[in-house]
Amino acid sequence: MRQLEHFPNLVAMFFARAAAGGDAPFLWHKEGDAWVSQSWADAARQVASLAAGLKAIGLQPGDRVMLVSENRPEWCISDLAIMAAGCVTVPTYITNTERDHTHILENSGARAVIVSTAKLARPLLPAAIRASEAKVVIGIDDLRVMQTGTLDHYQWSKLIADHPTDPATIVSDAKRDDLACIIYTSGTGGAPRGVQQHHGAILHNVAGCCAVISEDFGWEDEVFLSFLPLSHAYEHTGGQHFPIGLGAQIYYAEGLEKLASNIEEVRPTIMVVVPRLFEVLRTRIVKAIEKQGKLSNYLLDRAVSIGGKKAAGGVPFYDQPMNLIVKRLLMPKISKRFGGRIKAMVSGGAPLNPEIGIFFQSLGLTFLQGYGQTEAAPVISCNRPSAGLKMDTVGPPLPDTEVVIAEDGEILVRGELVMHGYWRNPEETARVLKDGWLHTGDIGEIDERGRIKITDRKKDLIINDKGDNVSPQKIEGMLTLQPEIGQAMITGDRRPYMVACIVPDQEWTQEWCARTGALCDPKALIDDLDYRAALMAAVERVNKDLSVIERVRRFILADGPFTIENQQMTPSLKIRRHVLKEVYGERLDALYKS
């Protein structure tokens with residue numbers, strides 16, 4: 001059983017893995033129809049040379065460098081080079097507006113910006129030109145800029161070519177307590193806050209995750225498919241530094257529309273994904289099997305039924321023959337869809353409906369739900385087979401992580417993984433960090449086997465007019481499991497019952513229109529009584545499994561999907577309640593009047 005060595009900083013861990021990896025492939029990206037690799041040795045040379053280049057253009061230890069790029073090899077190389085130069089990475093989302101960039105540039109005091117493409121530079125450069133501290137812009141691709149005002153403009157590859165450096169000469173003197181990056185929480189409300197993650201916090205996470213893989217699955221030649229934004233703490237640690245710690249290969253996915261084919265091509269051993277994507281994958285699997293005839297549908301139903309019994313305590317003896325049939329006829333087909341060598345699919349970044357986990361477990365895929373926050377680098381706990389997989393828990397804490405439940409039920413966390421505070425925000429820091437304990441804002445409990453169970457989110461709780469607490473995320477998760485419903489938001493604070501804003505599933509809507517002969521126009525469908533009745537039937541199916549106070553009595557239809565682009569979802573695919581309430585608040589309030 002392998003263990004991660006004790007590294008002084010993330011740069012030292014990378015160069016150690018690169019020296020061991022040599023000419024073996026490390027980073028992969030797609031060019032046309034072919035996957036192209038970059039070796040550990042080549043990546044190390046680029047990191048060392050770019051770090052030298054950053055120093056040569058005047059960046060000093062401690063300077064913040066903003067990184068704006070889609071997932072690609074250059075993201076990883078830039079991040080490591082910034083740290084190798086003694087600077088601090090400030091990752092930002094590619095969906096950020098000029099106003100978002102302005103806030104982060106001014107708050108972080110970033111002196112330099114690395115941006116990948118001309119398209120991403122368009123909203124960024126005006127903010128950078130006006131920023132009080134920014135002096136340098138570095139383009140990974142040709143930015144096609146004619147003038148950058150007071151900013152000095154450099155080309156990424158030329159900086160590397162002009163400062164060739166032997167990786168063996170790079171020695172980072174950063175300590176585990178030193179600041180590695182400032183990650184701005186996308187936030188479901190309010191302006192983003194900069195979380196200060198130190199080297200030790202991320203290394204603590206990497207060591208803990210490596211222990212899970214080593215002890216429960218065996219640490220071998222691992223392959224990751226990077227899909228979530230690397231500017232998100234979950235992917236930054238789980239999709240980049242964790243694979244580096246394992247000495248794994250990283251493939252960069254082409255996007256959501258090609259994710260399914262990328263999975264089959266890459267054949268990852270570990271996938272790190274948010275619950276919303278698992279919901280999408282579940283829907284696609286169900287629809288694909290529906291088209292394969294009665295036998296496949298019967299096997300799927302039985303597989304999920306048996307999986308539910310197994311999750312509840314065990315498979316009865318009379319189900320054992322069918323369990324063997326499912327393993328022989330259905331599971332190999334599902335495994336092939338995921339490349340055939342998945343060890344574990346890890347869900348994090350948002351609460352998961354237990355039914356989703358049971359569904360994938362039923363099909364022979366090991367499904368691990370994790371729990372964390374950006375403020376904890378971000379992994380706090382993770383389900384693992386050795387602790388007993390229970391889908392309504394998020395597993396035991398990582399090694400060397402203290403978790404206790406406060407008197408009011410709030411989950412408190414202490415350990416090296418906890419941030420040193422919010423950047424330039426002492427008030428918020430004092431609110432969440434008390435005597436070394438991170439106050440997570442989550443309500444939960446710890447079961448007899450040490451597994452954490454999240455029961456509510458303090459600030460997301462709905463308190464109805466009778467003082468009862470309702471957890472909207474649970475209900476929203478159940479609604480979106482229905483084939484008719486793509487997305488949902490629940491509200492009902494200080495009200496007599498729950499109401500919802502619903503986004504109908506687009507594929508289901510098209511099928512319903514074709515079946516009924518209705519015009520498939522979203523505006524016309526809003527007033528179509530039969531269409532609304534079909535959606536209400538889906539809501540009623542959910543209501544049967546809810547308590548009286550949780551049931552959704554009425555709903556409105558959204559004007560369109562909740563997306564990152566319209567600011568109604570965070571980049572980690574959580575709904576922004578405050579934005580949705582601004583858009584739909586009056587219409588939702590009207591449901592109580594009519």
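Bear in mind these aren't lab numbers, they're just calculated from the coordinates by the rules spelled out. In this text the structure is predicted, and so the values were computed from the model without any measurement. All Cβ positions, glycine included, derive from the backbone under ideal geometry; neighbour counts span all protein chains shown.
Tabulated data
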{"item": "Contour excess over end-to-end distance, with Cα ends at residue 590 and residue 264 and 0.36 nm allotted per residue", "result": "112.6 nm"}
{"item": "Calculated FRET value between residue 315 and residue 400, using beta carbons and R₀ = 35 Å, to 0.05", "result": "0.45"}
{"item": "Cα centroid of the stretch 546-583 to Cα centroid of the stretch 45-101, whole Å", "result": "34 Å"}
{"item": "The stretch 462-590, relative contact order [Cα under 8 Å, separation at least 6], %", "result": "24 percent"}
{"item": "Euclidean distance of C-alpha centroids, the stretch 371-424 and the stretch 445-489, integer Å", "result": "19 Å"}
{"item": "Cα long-axis angle, helix 10-21 against the chain (0 to 90 degrees, to the nearest 10)", "result": "90 degrees"}
{"item": "Equivalent ellipsoid semi-axes, the stretch 462-590, via Cα gyration tensor eigenvalues times 5, rooted, Å", "result": "24, 18, 13"}
{"item": "The chain, helix-only ellipticity at 222 nm - DSSP H runs n ≥ 4, -39,500 (n - 2.57), divided by all residues, nearest 500", "result": "-11500 deg cm²/dmol"}
{"item": "Burial ranking of peptide ranges 129-136, 220-227 (average Cβ count within 10 Å, highest at the top)", "result": "220-227, 129-136"}
{"item": "Cα principal axis extents for the stretch 382-474, largest first, Å", "result": "42, 41, 21"}
{"item": "Peptide ranges 503-514, 371-382, 164-175, 386-397 listed from the most packed, as the mean C-beta count within 10 angstrom indicates", "result": "371-382, 386-397, 503-514, 164-175"}
{"item": "Ratio Rg/Rh [Cα only; Rh per Kirkwood] for the stretch 57-100", "result": "1.00"}
{"item": "Net lengthening on full extension, residue 16/residue 507 (0.36 nm per residue, minus Cα-Cα)", "result": "171.9 nm"}
{"item": "Stretchable slack from residue 578 to residue 36, in nm (0.36 nm times residue separation minus alpha-carbon distance)", "result": "190.9 nm"}
{"item": "Between 0 and 90°, nearest 10: helix 529-543 axis offset from the chain longest Cα axis", "result": "80 degrees"}
{"item": "Relative contact order (%) - criterion: Cα under 8 Å, at least six apart; region: the chain", "result": "11 percent"}
{"item": "Low-density loop positions, trypsin sites (Lys or Arg not before Pro), the stretch 458-552 - DSSP coil, at most 14 other Cβ in 10 Å", "result": "466, 494, 544"}
{"item": "Pairwise label distance in nanometres, residue 519 with residue 175, each label 7 Å out on the Cα-Cβ vector", "result": "7.1 nm"}
{"item": "Projected area averaged over orientations for the chain, convex hull of C-alpha atoms, nm²", "result": "28.4 nm²"}
{"item": "The stretch 1-19 versus the stretch 325-357: alpha-carbon centroid distance in Å", "result": "31 Å"}
{"item": "Share, in percent, of DSSP beta bridges within the chain that are antiparallel, nearest 5", "result": "50 percent"}
{"item": "Cα-based reach from residue 309 at 28 Å (exclusive), listing lysines while leaving out same-chain residues under 8 positions away", "result": "287, 291, 294, 327, 333, 336, 343, 390, 453, 474, 544"}
{"item": "Degrees between helix 199-216 axis and first principal axis of the chain (Cα, 0 to 90, nearest 10)", "result": "50 degrees"}
{"item": "Label-point gap, in nm, between residue 439 and residue 254 - each point 7 angstrom along Cα→Cβ", "result": "4.9 nm"}
{"item": "Packing rank of 294-300, 566-572, where each peptide gets the mean count of other beta carbons within 10 Å, highest leading", "result": "566-572, 294-300"}
{"item": "Residue 305-residue 2 pseudo-label distance in nm [points 7 Å out on the Cα-to-Cβ vector]", "result": "4.4 nm"}
